[in-house]
């Protein structure tokens, strides 16, 4: 009965979105959200929140433990919503990744993810996908980033519905290749430009979980999960989000947090910071009487660029990435911590040449064609040979370019 009522509710939301979208800006009292003044229905938190909690005996886990990585295959000149990686490019990427990893994380249910699932299925690759559902888009301006149930934009309702229903379509086609689903990425913290109100996320988690048979959760910055800053608007919904999730996925970036954490000046301190944050969160979840799997959904080390929180940009080099990668690899293997390294490949569509978001990959490419290993991967790919008949692997039988000096 709950599932039927949930479907009816989201059908009503769809109608409200249409009504809201048809209003003029002058008639809307909420910035175009579903509670415009032309509608007699004003959405409130109470419409979305209830006493739902996943029974402990029904909780799902991401198992078994495997090496895991975040994957976005956009090459030079490609961008989400523009030019997507084609089938052969994705196949080449995934062939490379199968040398080290079994789980790959993706961020939305769009064409790129569908191509990835198709390649895995048709080529029978030994990979599982940790699916992402990109709720909260389109993004808002910094001044308008605070979103509530009553002013959540109509365009976001529409996007969220499209993302979730497309997830169900892909899941029905490729369920054997999907290991888990993350509903939202960095959507609860105050600095997010695509913030989703906690009550709405709570309803999405229930909706998604009732239609898939894999673990469902949320990816969020470690600061939100630890509630280490009282200004978090969505902090009061923390328990609701956890109750509706099978797992808690935290993002931990030691080389980006120097603005808020002092005395973090080398890779040893960065590694200690990462492990401390993980175990602190695990203890917090347990002390709150929640039996939830805790994992790191993102963590890594950039090799260039700048960011306001970086302690010292000189730390952003391939040598330190190599050290941090090996530290993390050894720890997660020994302690069985599921950790999705961010990320496989550099993404040149993100920001300008000095933007740190471009340089998190363990591989980069030459002109959008061939993938080349950074220093962190030398130990793992030096003697790794590929079938050079595969497009986009044809120019390199080995991913180590001995003529390229790493960025030390």
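Roughly speaking, what is the centre-to-centre gap between segment 305-362 and segment 229-255 when only Cα atoms are used, to the nearest Å?
Answer, in whole Å: 22.
Ranked from highest to lowest mean number of other Cβ atoms within 10 Å per residue, what is the order of the peptides 200-208, 376-384? Before the final figure, lay out each step's value.
Values: 200-208: 24.0, 376-384: 16.0.
By packing density, highest mean first, the sequence is 200-208, 376-384.
With bins 10 Å wide starting at 0, give me the P(r) of segment 245-364 over every alpha carbon pair, in whole percents.
For segment 245-364, the binned pair fractions read 13, 44, 32, 11, 1 percent.
Set the Förster radius R0 to 30 Å, insert the Cβ-Cβ distance between residue 354 and residue 266 as r into 1/(1 + (r/R0)^6), and round the FRET efficiency to 0.05. Walk me through the numbers before you get to the answer.
On the way: r = 23 Å, r/R0 = 0.76.
The formula returns an efficiency of 0.85 here.
Taking the inverse of the average 1/r across all pairs of different Cα atoms in segment 177-260, what Kirkwood radius in Å do you get?
On the way: mean 1/r = 0.0752 Å⁻¹.
Radius from the Kirkwood sum: 13.3 Å.
How would you order 267-277, 130-140 from highest to lowest mean count of nearby Cβ atoms within 10 Å? Display every interim value, and only then the final one.
Values: 267-277: 17.7, 130-140: 21.5.
Ranked by mean Cβ neighbours within 10 Å, highest first: 130-140, 267-277.
How many angstrom lie between the Cα centre of segment 363-393 and the Cα centre of segment 110-168?
29
Which whole number in µm²/s is D for segment 171-312 by Stokes-Einstein, with the Kirkwood Rh taken over Cα pairs at 4 °C and 1.567 mPa s?
Values: Rh = 16.2 Å.
Translational diffusion coefficient: 80 µm²/s.
By counting other Cβ atoms within 10 Å of each Cβ, how are 400, 356 ranked from fewest to most? Intermediate results must be reported in sequence, preceding the final value.
Numbers: 400 17, 356 22.
In order of increasing Cβ crowding within 10 Å: 400, 356.
Starting with the highest mean, order 215-227, 50-62, 285-297 by the number of other Cβ atoms within 10 Å, averaged over the residues of each peptide. Walk me through the numbers before you get to the answer.
Details: 215-227: 22.8, 50-62: 12.5, 285-297: 17.4.
Highest to lowest by the protection proxy: 215-227, 285-297, 50-62.
Ratio of segment 148-200's C-alpha Rg to 2.2 N^0.38 Å, to two decimals?
1.32
Quick one: divide the alpha-carbon radius of gyration of segment 119-248 by 2.2 N^0.38 Å and tell me what you get. Could the numbers behind the result be given before it?
Details: Rg = 15.2 Å, N = 130, 2.2 N^0.38 = 14.0 Å.
Taking N as the residue count of segment 119-248, the ratio is 1.08.
Scaled to the compact-protein estimate 2.2 N^0.38 Å, what is the alpha-carbon radius of gyration of segment 47-127, rounded to two decimal places? Please list the in-between numbers first.
Working: Rg = 16.5 Å, N = 81, 2.2 N^0.38 = 11.7 Å.
Compared with the compact-globule rule of thumb, segment 47-127 sits at 1.41.
Values in this text are rule-based calculations from the coordinates and carry no lab data. Because the structure is predicted, anything quoted here is derived from the model rather than measured. Every residue, glycine as well, gets a Cβ built from its backbone with ideal geometry; the counts of neighbours run over all protein chains shown.
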